[in-house]
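Colleague: After the structure tokens below, expect a handful of questions from me.
Read-outs throughout are calculated quantities, based only on the coordinates presented, and are distinct from any laboratory measurement. All figures in this text were calculated on a predicted structure; none of them were measured in a lab. Counting neighbours? That spans all protein chains shown, and the Cβs are built from the backbone with ideal geometry, glycine included.
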Amino acid sequence: MNRIDQLLENYRSHIRMPLRPGLPPSQRVWFAVYPASEERRLMNRIDDFALLTQAAGHPWVRVDLQGSLARWIDSVEEEERAEWFKNPDDIELYAKTEWKELLTRYFKSQALRAEAPESTVFALTGLMDLFDFLHVSELIDSLEEIFRGYLLVFFPGEKEGNNYRFLDARTGWNYLAAPILAEK
């Protein structure tokens, strides 16, 4: 069984368990952890996760961040963008504020689509765009007050103990999310 099939099987077991409404937001976050090399295969199977979620009786709302970095940079005035590229550290500085706020507003607009927000699984995909500009933990923290259901973060990286490492490159951070792994 390949890793994405195993991740799907583990997710099937997880989503069939009774959901516990009323938990704090940090305890309603699930990390589907898979090797970054499997990103394309995972994206080709994302509808399978949606079907499993719906078969378990929960609404599904996918929030895809892929391409958001390019759209954000493109939305900046040309002169300001030219200044950023003279000093690339500026891009990261603005990403931690302006881009994160933009992503948070985008997530909120997508969350409003949920018909039953308390039982909805909000699937967050496209995190690779964040690499080198915004920490996943910072984005998750900004989303915690928005979703009322469950946040399923498709996380390309690895989990060691309670530490998550994004794209196997950054130093990990400790997070309370329930892990769903691509292994037995």
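Colleague: Under the classification rounded if a/c is under 1.5, otherwise prolate if a/b is larger than b/c and oblate if not, where does the range 51-125 fall, given a ≥ b ≥ c as square roots of the Cα gyration tensor eigenvalues?
Modeller: On the way: a/c = 3.73, a/b = 3.26, b/c = 1.14.
Prolate.
Colleague: Also: Which of the trypsin sites (Lys or Arg not before Pro) across the range 72-167 are loop residues per DSSP, with 15 or fewer other Cβ within 10 Å? Before the final figure, lay out each step's value.
Modeller: Details: sites: Arg81, Lys86, Lys96, Lys100, Arg105, Lys108, Arg113, Arg148, Lys159, Arg165; in loops: Arg113, Arg148.
Filter output for the range 72-167: Arg113.
Colleague: Against the longest principal axis of the chain, how steep is helix 3-15, in degrees 0 to 90 to the nearest 10, with axes from Cα atoms?
Modeller: Approximately 60 degrees, to the nearest 10.
Colleague: Per residue of the chain, what 222 nm ellipticity follows from adding -39500 (n - 2.57) for every DSSP H run with n ≥ 4, rounded to the nearest 500? Walk me through the intermediate numbers first.
Modeller: Details: 8 runs with 72 residues, N = 184.
Taken over the chain, the calculation gives -11000 deg cm²/dmol.
Colleague: Here's something else I'd like to know. Could you list which residues have their amide H under 5 Å from that of Asp64, counting only those 5 or more apart in sequence or on another chain, with H placed in the peptide plane?
Modeller: Thr125
Colleague: Please identify the GluC sites (Glu not before Pro) of the range 1-94 that satisfy two criteria: DSSP loop assignment and at most 15 other Cβ atoms within 10 Å. Which are they?
Modeller: Numbers: sites: Glu9, Glu38, Glu39, Glu77, Glu78, Glu79, Glu80, Glu83, Glu92; in loops: Glu77.
Hits after loop and neighbour filter: Glu77.
Colleague: Turning to a different aspect of this structure: Considering all projection directions equally, how large on average is the shadow of the alpha-carbon convex hull of the chain, in square nanometres? Let's see the in-between values first.
Modeller: Values: hull surface 42.4 nm².
Spelled out: convex hull of the Cα atoms, projected over all directions, averaged, 10.6 nm².
Colleague: Could you let me know the centre-to-centre spacing of the range 33-62 and the range 99-134, using Cα atoms, in angstrom?
Modeller: Here the two parts' Cα centres lie 15 Å apart.
Colleague: With only alpha-carbon atoms in the gyration tensor, what are the semi-axes of the equivalent ellipsoid for the range 87-172, in Å, largest first? Spell out each step's value before the answer.
Modeller: Numbers: eigenvalues 110, 64, 17 Å².
After diagonalising the Cα gyration tensor, the semi-axes are 23, 18, 9 Å.
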